[in-house]
Amino acid sequence: MRNKSAGLKKTMRARMHWSIADLGKWLKSVIAGHCRYYGVPWNGKSLTRFKSEIIRMWCKSLRRGSQKHRITWGLMNRIAKRWLPCSFLSAILIHWNACASILEAGAQCISSASWGLYGGGCRVIGIPTLMSAD
């Protein structure tokens, strides 16, 4: 993550004079790509940390743009909420979509442990597996 942050820091320094909208769109694509690549279960903390680091660097970049910075953390949080995706939610949705596609080809349990647990009927429960049904 350090290498990625260092590269983004240099790029953001070069794009310091872009409008907030243009830089926000670009950073949104950066975070979305990072979440797609590293968005696996139980990696939400790392994704959130990466997004927080980008917000901190973006705030520093915006504050460097003038001699008297007027970018408070409250304003920065509103800007980030407007332009940047929720990294943790993206990871959950990516995981959910992956599980849904696996469940279509996964193993199925036809009988439940007890008839009385789920209203007296037998439920079909999808179990995720790594094998496909090809």
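The values are calculated or read from the model by the stated rules, or taken from the named source; none is laboratory data. Since we're looking at a predicted model, the values are computed, not measured. For neighbour counting, all protein chains shown are included, and Cβ atoms are generated from backbone atoms with ideal geometry for every residue, glycine included. Accessible surface areas use protein heavy atoms only, side chains included; no ligands, DNA or RNA. Shrake-Rupley method; radii C 1.70, N 1.55, O 1.52, S 1.80 Å.
Of all residues being of a type outside the set (D, E, K, R) and in contact with a helix residue (DSSP H, G or I) (Cβ under 8 Å, 6 or more places away or on another chain) in the range 1-16, which is most open to solvent (accessible area, probe 1.4 Å)? Just the residue, please. Before you say what the answer is, go through the steps one by one.
First pass over the range 1-16, keeping only residues of a type outside the set (D, E, K, R): 1, 3, 5-8, 11-12, 14, 16.
Narrowing further to those that are in contact with a helix residue (DSSP H, G or I) (Cβ under 8 Å, 6 or more places away or on another chain): 1, 5, 8, 12, 16.
Working: M1: 98, S5: 17, L8: 11, M12: 4, M16: 39 Å².
Residue satisfying both the conditions and the ranking: M1.
Mind checking which residues of the range 64-90 are loosely packed, with under 12 Cβ neighbours inside 10 Å, at pLDDT 80 or above and assigned to a loop (DSSP other than H, G, I, E, B)?
Answer for the range 64-90, where residues must be loosely packed, with under 12 Cβ neighbours inside 10 Å, at pLDDT 80 or above and assigned to a loop (DSSP other than H, G, I, E, B): R70, T72.
Would you say K60 is in a helix (DSSP H, G or I), modelled with pLDDT under 90 and either in contact with a helix residue (DSSP H, G or I) (Cβ under 9 Å, 6 or more places away or on another chain) or open to solvent by 50 Å² or more (accessible area, probe 1.4 Å) (or both)?
Values: in a helix (DSSP H, G or I): yes; modelled with pLDDT under 90: yes; either in contact with a helix residue (DSSP H, G or I) (Cβ under 9 Å, 6 or more places away or on another chain) or open to solvent by 50 Å² or more (accessible area, probe 1.4 Å) (or both): yes.
So K60 passes the test.
Tally the residues that are open to solvent by less than 100 Å² (accessible area, probe 1.4 Å) and not in a loop (DSSP other than H, G, I, E, B), restricting the search to the range 17-39. Please lay out each step first, then the result.
First, the residues of the range 17-39 that are open to solvent by less than 100 Å² (accessible area, probe 1.4 Å): 19-24, 26-27, 29-35, 39.
Subsequent filtering for residues that are not in a loop (DSSP other than H, G, I, E, B) retains 20-24, 26-27, 29-35.
Total satisfying the criteria: 14.
So, of the residues in the range 40-57 that are in contact (Cβ under 8 Å) with a residue 40 or more places away in the chain and open to solvent by 30 Å² or more (accessible area, probe 1.4 Å), which turns out to be nearest to P85 (Cα to Cα)?
Here is the first cut: in the range 40-57, the residues in contact (Cβ under 8 Å) with a residue 40 or more places away in the chain are 40-41, 43-44, 46-50, 53-54, 57.
Going one step further and asking which of them are open to solvent by 30 Å² or more (accessible area, probe 1.4 Å), we end up with 40-41, 43, 46, 48-49, 53.
Numbers: V40: 17, P41: 18, N43: 16, S46: 15, T48: 11, R49: 13, E53: 14 Å.
Per the stated criteria, the residue is T48.
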